[in-house]
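Each remark here refers to the structure printed beneath this line.
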Amino acid sequence: MWFWWFMFVCDLLIPVLMIGVGRMMWKHSPENINGIIGYRTKMSMRNLDTWKFAHDYCGRLWWKIGWVMLVPSVIVHFPFYSSTENEVGIVGGILCTVQCVVLIASILPTEWALKRNFTSEGMRK
């Protein structure tokens, strides 16, 4: 039973972090372009306008996706409450993998939005 609780908490980390970090990116993006903190792609780092836009867009996206992923992440675990550690581990691993794929895939709509709104030089269309 302790392993179930451990996996339950671990599988809630990604959605909760997406909600928190998404809110921070959306409301309090880094003031200056840097290579350490923030949404860092070639397009987002063109100028301050693309930097702010990328953080706003990706932050809102992560915030929404985090809330959407939180509910199924909780629901998936309950049928496995009295299951073996192997079953709980497999379900938790699959869930964590899906969450990571969704997190990484969120780069695509952000980059598409940047390309729709900015030229390749970083000027607004």
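The values are calculated or read from the model by the stated rules, or taken from the named source; none is laboratory data. Since we're looking at a predicted model, the values are computed, not measured. When the accessible area is computed, the model is the full protein with side chains, heavy atoms only, and any ligands, DNA or RNA have been set aside. Shrake-Rupley method; radii C 1.70, N 1.55, O 1.52, S 1.80 Å.
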Give me the 1.4 Å probe accessible area per residue for the chain, excluding ligands and nucleic acids, in Å². 62
Give the angle, between 0 and 90 degrees and rounded to the nearest 10, that separates the Cα long axis of helix 107-117 from the longest principal axis of the Cα atoms of the chain. 20
Quick check: Cα centre of the stretch 107-125 to Cα centre of the stretch 9-61, how many Å? 15
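Relative contact order (percent) for the chain, with alpha-carbon contacts under 8 angstrom and 6 or more residues of separation?
Working: 135 pairs, mean separation 43.5, N = 125.
Result for the chain is 35 percent.
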Carbon and sulfur atoms account, in whole percent of the 1.4 Å probe accessible area of the chain, for 71
